[in-house]
Amino acid sequence: MAAPGPRRTHPGAVVAENLDGSLTPHAETVPGRDYAREMATWTDEINGAPGAPAALAGSASLPERLGYRLKRRVLGPPLTTEELEHETLSKRLALGVLSSDCISSSAYGSEQILLILLPMFGIAAYTLLLPVTLVVLVVLVLVTLCYRQVVMLYTKAGGSYVVARENFGPVVAQVAAVALMIDYIVTVAVQSAAGTNAVTSAIPGLAPFNLEITVTVVLILFYGNLRGLREAGRTFAFPTYFFVASMAVVIIGGIVRELLGDLPQYDPASASGAFPMGQGTTLLSFGALYILLKSFANGGSSLTGLEAISNGVSTFRTPRGRNARTTLVVMSCILGTLVAGVSWLAHETHAVAYTSGSPTVISQVAKAVLGDSAAGHVGFLLVQLATMLILYTGANTPFNGFPFLANFVAADGFLPRWLTKRGHRLAFSNGIIVLTVTSLALLIGTQAHVDKLVAFYAIGVFTGFTLAGFGMAKHFRTFGGSRWRTKVAVNNVVGVVSGLVVLIFAVTKFTEGAWLVVLVFPIMTVVLLRLHGAYDREAELLEAVPSTGAVIRAARSRVVVLVDSVDLAVIRAIRYAHTLRPSELHVVHFVIDSARAADLLSAWDSQPGLDLSLELVECPDRRLARAALELTERLMADGSSAQVTMLLPRRSYGAFLGRMLHDRTADDIAAAVSSVPGAVATIVPYDATRPTRPLRGRGPGPAATADTPESVVTGPGTMEEPFAEAPGPGERVAIRNATHRQSAVVQGRIRSVEVSPISGSPALRCELVDETGGVTLLFYGRRSIAGIMPGVSLRAEGRIGTYKGHLAIANPLYSLVPTDQAKS
């Protein structure tokens, strides 16, 4: 009886599926193809031998290490890559989320100017405060004009780093990278310390614990970001709007009280703990000019965070550039208004800068405006709460910016690649750890004093402004555009002014800590460039392909297992060596101590099941790496095309304990052997900290029977309802319950994808798994299918066949399943 005709075919396929589940060649044959041989292979693989094939094994139930169990308990369950959501922000939401660092600078900018002016000029400092603030605001306008163009041109984020890289090349870009990283590190320290000053200004009794509170806040931010705290949404936008609203009330209230003539003034001369009041001096003296420049440099701290919009352009809704530009202008206007308002109120109330950092100038201004009544006291506490919240929120900003910048720079090959790894909760955990450690070191070293931390601040910030200004000027000179000459002039002015601020800061703050930044800057830049050079050399070596372009197959395979004892680690290495199917297998011990060698030989002979000869090779000078290298050369010296593989058993005890208990001899041997063409060294680790356990959960579960329980366990702590035993036509069936030679609809997750070699017949093999088991999907005639990749959810329909003894479907009908539907 003739076999039934084809049930369905697929474009590019060379086989068709019959109604009985067997395969026949497609009518559209290709000249030169050996279909007889291919059909014999495929028929054996798909139709299989009689009998019920088993589903592929699902996930094994493996014990988790103690460290991972602790991490899971502390940080929560791990997030999968598909849960990495990219949230775009409206202009209103972006203003609240991205501007907290910048706008919060107004809480301490005016104070930083005053604490420099008061010791030199005395009461005249309040008069000089306003023109110095005006100069700072002029710089704010210039930098804003520059960054308006940056966000329009570079919409993928990166700020001054991308501007420098695109216009000056990767070398200059590393200067920007170092500037931004220093800026992020110091921002955590300054913002958290200033936030604590806001707390102690409201509750003076906490002032002695200023450092402890600040360190605790940073650790809380560290923990929250390791858990995957995202800087998006109304939660992070609220502190910004709360602070702006509260300060608007203070500034407007101050203007009203000044017009009414009842705005109080403090007496700076009698303030205990304040910076000392100078007696005044002529403005034309060298010392006075120096102090004015120093106060201007300190006031530049008000502009920190201005680059946050350019670093987060990619988070805006489209059109990104235009929305980012609008948000940047609004942010700069708010910042300028707040800085001018606080400086004017400090000028009118004679608020004092204290050496301990609290009460802050902004708290004194708020107290003077709001008064001592019950309502005024409540208003004062609300202002301090708003100040604390925005400063602590600003301290959180670098926990998002620094890891992404480090990932960006590491992807370019200028930082270690482990900074590109996402952690347990999808955050760049290594970058967060580096940021936390360095910022805590800075806080502890300065005892969390804002005035001492500012010395580290503006150099990094204004170096970024300088590179952005000159970079944009070069861009417009190169590419032109509308009014390009005006844009070149503006950006050059920004570069020059910002560069002058860097120079002023480096000179005037050199003895107060700026020397460290001046020293670290070139060192870090050189380190980044040397790291990149090392990666380039590594890539050049690894990409060196023989001129033939072909993979040379060795005629013979020789495997050597080095032993120094007879234990489970050695037995595992020998067992692994057998799986390599070598032409020759050598078990070698290098003799350093003849008595130890004799004991080893005795132990070897007494070990049952070891039917291999043990070779003892002399090593009189105890240079094990050299002895291994000479042995490798001897094994390859017969002229045959031989591949030598040297296996090195290693007992692992964990990173620290392992280094204490054992040296790194295996690494030295591996390095020496791997230098020989045609030889490779493999370290075979054995976990010596726990007994070997058999794997649980291997193999498919039993077929569903009447004794099958009402629910099946699919993983630790989870229960899933079983599928129906007898699904109707077109209904989904559990993979484990799929019947051989019957049509079935299955759904699950693609666990793996295997593509046939390009030199062979095109075929794509996928493993589809659900909670009960897995099935192999075979797509013949194709080497890739759009959308089919590991991790995606897929629904497949076809006749169940056999592939290598397990369930399989050839050329199934399929559809991709959205993530939300796959979980339902």
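The values are calculated or read from the model by the stated rules, or taken from the named source; none is laboratory data. Computed from a prediction, not measured in an experiment: that's the story for all the values here. Here the Cβ is made from the backbone with ideal geometry for all residues, glycine too, and neighbour counts use every protein chain on show. Heavy atoms of the whole protein, side chains included, go into the accessibility calculation; ligands, DNA and RNA do not. Shrake-Rupley method; radii C 1.70, N 1.55, O 1.52, S 1.80 Å.
Taking the protein heavy atoms of the stretch 133-262 in the context of the full set of protein chains, the accessible area attributed to carbon and sulfur is 74 percent at 1.4 Å. Comparing Phe479, Val437, Leu415 along the charge dipole axis of the stretch 410-488, the residue lying farthest to the positive side is Phe479, per the Cβ-charge model. Across the stretch 324-341, coupling constants 3J(HN,Hα) worked out from phi with the 6.51/-1.76/1.60 Karplus curve, θ = phi - 60°, read 5, 5, 4, 5, 4, 5, 4, 4, 5, 5, 5, 4, x, 5, 5, 4, 5, x Hz, and Gly and Pro carry x.
Looking at the square roots a ≥ b ≥ c of the eigenvalues of the Cα gyration tensor of the stretch 182-249, which shape do they give, rounded for a/c under 1.5, prolate if a/b is larger than b/c, or oblate? Oblate is the answer for the stretch 182-249, as a/c is 1.5 or above yet b/c matches or exceeds a/b. Each pair of Cα atoms in the stretch 256-409 enters the Kirkwood radius, and Stokes-Einstein at 10 °C and 1.306 mPa s then converts it into a translational diffusion coefficient of 84 µm²/s.
Computed over protein heavy atoms with a 1.4 Å probe, the carbon and sulfur contribution to the accessible area of the stretch 363-520 reaches 70%. Other residues with beta-carbon under 14 Å from the beta-carbon of Glu166 carry, at +1 per Lys or Arg and -1 per Asp or Glu, a net charge of +3.
From largest to smallest, what semi-axes in whole angstrom does the stretch 424-516 give when each is the square root of 5 times an eigenvalue of its alpha carbon gyration tensor? Could the numbers behind the result be given before it?
On the way: eigenvalues 226, 91, 11 Å².
Semi-axes, largest first: 34, 21, 7 Å.
Ordering Arg651, Arg422 by accessible area with a probe of 1.4 Å, largest first, what comes out? Show your work: numbers first, answer last.
Numbers: Arg651 45, Arg422 90 Å².
Putting Arg651, Arg422 in descending order of accessible area: Arg422, Arg651.
From the protein chains alone at 1.4 Å, what is the descending order of accessible area for Trp515, Trp484, Trp604, largest first? Don't skip to the answer; put the middle values down first.
On the way: Trp515 120, Trp484 80, Trp604 10 Å².
My answer, sorted largest first, is Trp515, Trp484, Trp604.
What whole-number value in Å² describes the accessible area per residue of the stretch 161-303 for a 1.4 Å probe?
Values: 6200 Å² over 143 residues.
I get 43 Å² per residue for the stretch 161-303.
Across the protein chains, with a 1.4 Å probe defining accessible surface, the residues Met646, Met152, Met524 rank Met152, Met524, Met646 from largest area downward. In the context of the full protein assembly, Phe296 retains an accessible surface of approximately 30 Å², using a probe radius of 1.4 Å and ignoring ligands and nucleic acids. Per residue, the stretch 336-463 exposes 30 Å² of solvent-accessible protein surface, assessed with a 1.4 angstrom probe and all protein chains in place. For the stretch 289-386, a simple Cβ point-charge model (Lys and Arg +1, Asp and Glu -1, everything else neutral) yields a dipole of about 480 debye relative to the Cα centre. Mean projected area of the Cα convex hull of the stretch 469-617, taken over all directions, amounts to 20.8 nm².
The Rg/Rh ratio of the stretch 478-524, with both radii computed over alpha carbons and Rh defined as the Kirkwood radius, is 1.24.
For the pairs Lys91/Lys367; Lys156/Lys474; Lys487/Lys509; Lys367/Lys452; Lys421/Lys804; Lys91/Lys156, note any where the Cα-Cα span goes beyond 28 Å.
Over 28 Å Cα-Cα: Lys91/Lys367; Lys487/Lys509; Lys421/Lys804.
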